[in-house]
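Report on the following structure.
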Amino acid sequence: MMQPLIFFTILFSFIATGCNNSPAKQSNSVNMDSNKKVHPVFSKTDTAKVDISNEEWKRSCRQMYNIAREKGTERAFTGKFWDHKEGGTYYCAACGNPLFNSNGKFDSNCGWPSFFEPISKSSIIYAPDNTYGMKRTEVMCGKCRSHLGHVFDDGPPPTGLRYCINSVILDFEKAAEAKEKFDKKQ
């Protein structure tokens with residue numbers, strides 16, 4: 001009788017502390033994901049749909065593979081963008097597709113970055129998700145079909161929607177940096 005109790009105690013402590021190797025202390029500074037520099041499909045200008053094998057995703061996007069391709073979820077209040085307040089644009093970290101503007105971000109107190117609308121209708125695609133006995137709507141990148149999170153109908157006006165997104169699948173560019181790059185091109 002004692003062995004099952006020990007087993008469940010150990011199992012519970014493992015689950016409670018998390019199953020990943022993320023550091024216990026999170027920094028408030030936002031460092032961009034280095035995957036964008038090595039992933040062959042990452043581009044903030046190319047709008048072509050991305051169609052590569054899961055093996056290629058696994059080789060080039062190890063840090064985000066579980067979420068992007070296996071529809072995982074990072075632990076609440078651990079992602080780099082859940083309380084991020086800077087102005088700018090959020091992109092898909094796997095392919096560079098623009099997803100959300102910071103002016104559409106709000107504090108939902110759910111532990112993940114939340115937005116009330118995407119940048120455009122084509123930046124996000126939707127699919128029913130009935131896993132774990134829940135009825136939800138999955139949101140994926142409109143360019144590479146990476147899993148981003150879910151959308152719920154408990155958000156603020158004007159849409160009433162809450163796009164609950166995993167930080168690990170997001171990349172961010174400050175508005176000032178984008179303007180500076182644009183001005184250099186002129």
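The values are calculated or read from the model by the stated rules, or taken from the named source; none is laboratory data. All values reported here derive from a predicted model rather than from experimental measurement. Virtual Cβ from ideal backbone geometry, glycine too; neighbours counted across all protein chains shown.
Conditions (1) in contact (Cβ under 8 Å) with a residue 12 or more places away in the chain; (2) in contact with a Cys (Cβ under 6 Å, 6 or more places away or on another chain), marked per residue:
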{"site": "Phe81", "(1), (2)": "yes, no"}
{"site": "Ser114", "(1), (2)": "yes, yes"}
{"site": "Ile119", "(1), (2)": "yes, no"}
{"site": "Ile125", "(1), (2)": "yes, no"}
{"site": "Pro128", "(1), (2)": "no, no"}
{"site": "Cys141", "(1), (2)": "yes, yes"}
{"site": "His147", "(1), (2)": "yes, no"}
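Quick one: in segment 125-147, of everything that is in contact with a Leu (Cβ under 7 Å, 6 or more places away or on another chain) and either part of a helix (DSSP H, G or I) or among the aliphatic types (A, V, I, L, M) (or both), which residue is surrounded by the most Cβ atoms within 10 Å (Cβ to Cβ)?
Let us first name the residues in segment 125-147 that are in contact with a Leu (Cβ under 7 Å, 6 or more places away or on another chain), namely 139-141.
In the following step, the residues that additionally are either part of a helix (DSSP H, G or I) or among the aliphatic types (A, V, I, L, M) (or both) were identified as 139-140.
Numbers: Val139: 24, Met140: 19.
By that ranking, first place goes to Val139.
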Would you please name the residue that is modelled with the lowest pLDDT, looking only at residues in segment 52-69 that are among the hydrophobic types (A, V, I, L, M, F, W, C) and assigned to a helix (DSSP H, G or I)?
Trp57
Taking segment 151-168, which residues are buried (at least 20 other Cβ atoms within 10 Å of the Cβ) and not in a loop (DSSP other than H, G, I, E, B)?
Val151, Arg162, Tyr163, Cys164, Ile165, Ser167, Val168
Taking segment 103-116 and keeping residues surrounded by fewer than 17 Cβ atoms within 10 Å (Cβ to Cβ) and either within 15 Å of the chain's Cα centre (by Cα) or not in a loop (DSSP other than H, G, I, E, B) (or both) leaves Asn103, Phe106, Cys110, Gly111
When you scan segment 70-87, do you find a residue that is modelled with pLDDT under 95, of a type in the set (Val, Ile, Thr) and within 22 Å of Lys143 (Cα to Cα), even just one?
yes
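Matching residues to (1) of a type outside the set (A, V, I, L, M); (2) over 19 Å from Glu173 (Cβ atoms); (3) touching a strand residue (DSSP E or B) at 6+ places or on another chain (Cβ under 6 Å):
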| position | (1), (2), (3) |
| --- | --- |
| Glu74 | yes, yes, no |
| Gly79 | yes, no, no |
| Ile119 | no, no, yes |
| Ile124 | no, no, yes |
| Asp129 | yes, yes, yes |
| Gly133 | yes, yes, no |
| Arg145 | yes, yes, no |
| Leu148 | no, no, yes |
| Asp153 | yes, yes, no |
